[in-house]
Amino acid sequence: STEPPYRTLNRDVFSVSTSGGPVTNLTASNPADDSDPSFSPDGKTIAYGAERKADGWPDYTRLAIKDLASGKTTLLTDGWENAAREWTFTADGRDIVFHAEARARVNLYRIPTAGGTPHELLRGGTTAGVQPTEGGTFVLQQHSLTRPPELVVLERSGKVRPLTAVNDDLVRQWALGEVEDRTFTGAGDAPVQMFV
């Protein structure tokens, strides 16, 4: 939806009926990128990613929700220091679960659609592709610097239960070293995280 003379790029979220008809721009009021819409279970709300800088970098993606009846948009993670990605509503539609990178790990978080602070559900390694179940558990992919991707279930208790072990035979053949999480002082005395 970028307007001439095309000095910036602006992606928007559009909707169209499955039976055809007019195409509606749902995020025209934001001059920066909007992306990856996901419908709530009742179809009344969408969650999507919103940026604020129309000229691109440096910016980060905020998790936004839009009530389709009223048109009201709420930035759920505005002011939070991490960029949300891969979001989906829980089965009851009251919360959204999503992934976000923090200190070189991609963790799983949960936030109420009514607003609040993101709550960390699973930390460590890299998580991706979360799918909620009717029973309140989550199926997702998890991997780390020493373990290839496998599917796991995050139970309501917080316990992680492996679903697959596709790479176990291969992993047993490796002699991997230990991975250490360290922090050093960078420019302006800022702490910088790294792995050794």
For Glu134: the one exception among (1) in contact (Cβ under 8 Å) with a residue 12 or more places away in the chain; (2) farther than 26 Å from Glu86 by Cβ:
(2)
Looking only at residues in segment 89-107 that are more than 8 Å from the chain's Cα centre (by Cα) and touching a residue at least 40 places away in the same chain (Cβ under 8 Å), which one is most open to solvent (accessible area, probe 1.4 Å)?
Arg103
Of the residues that sit in segment 1-25 and are aliphatic (A, V, I, L, M) and out of contact with any strand residue (DSSP E or B) (no Cβ under 6 Å at 6 or more places or on another chain), which one is surrounded by the most Cβ atoms within 10 Å (Cβ to Cβ)?
Leu9
Of the criteria (1) part of a strand (DSSP E or B); (2) more than 28 Å from Val152 (Cα to Cα), which one Asp59 fails:
(1)
Scope segment 155-168; condition more than 23 Å from the chain's Cα centre (by Cα) and open to solvent by 80 Å² or more (accessible area, probe 1.4 Å); matching residues
Val166
On the basis of being open to solvent by less than 70 Å² (accessible area, probe 1.4 Å), of a type in the set (Ser, Thr, Tyr), out of contact with any helix residue (DSSP H, G or I) (no Cβ under 6 Å at 6 or more places or on another chain) and outside any loop (DSSP other than H, G, I, E, B), does Thr127 make the cut?
yes
Residue tally, condition outside any loop (DSSP other than H, G, I, E, B) and closer than 17 Å to Asp78 by Cα, over segment 15-35
2
Out of the residues in segment 140-196 that are acidic (Asp, Glu) and in a loop (DSSP other than H, G, I, E, B), which is modelled with the highest pLDDT?
Glu155
Odd one out for Ala28, checked against (1) surrounded by 10 or more Cβ atoms within 10 Å (Cβ to Cβ); (2) closer than 25 Å to Ala100 by Cβ:
(2)
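From the residues in segment 108-124 that are buried (at least 16 other Cβ atoms within 10 Å of the Cβ) and of a type outside the set (A, V, I, L, M, F, W, C), which one is nearest to the chain's Cα centre (by Cα)?
Looking at the filtered set, the residue picked out is Tyr109.
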Lone unmet requirement of (1) outside any loop (DSSP other than H, G, I, E, B); (2) acidic (Asp, Glu); (3) more than 17 Å from Ser40 (Cβ to Cβ) for Glu81:
(1)
Assuming Glu86 fulfils every condition listed in (1) modelled with pLDDT of 95 or more; (2) open to solvent by 40 Å² or more (accessible area, probe 1.4 Å); (3) farther than 24 Å from Gly129 by Cβ apart from one, which condition is it?
(3)
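Picking from Val171, Val152, which residue would you name as being closer than 20 Å to Leu122 by Cα and surrounded by 10 or more Cβ atoms within 10 Å (Cβ to Cβ)?
Val152
The values are calculated or read from the model by the stated rules, or taken from the named source; none is laboratory data. Because the structure is predicted, anything quoted here is derived from the model rather than measured. Neighbour counts run over all protein chains shown; Cβ positions are idealised from the backbone, glycine included. For accessibility, only protein heavy atoms count, side chains too; no ligands or nucleic acids. Shrake-Rupley method; radii C 1.70, N 1.55, O 1.52, S 1.80 Å.
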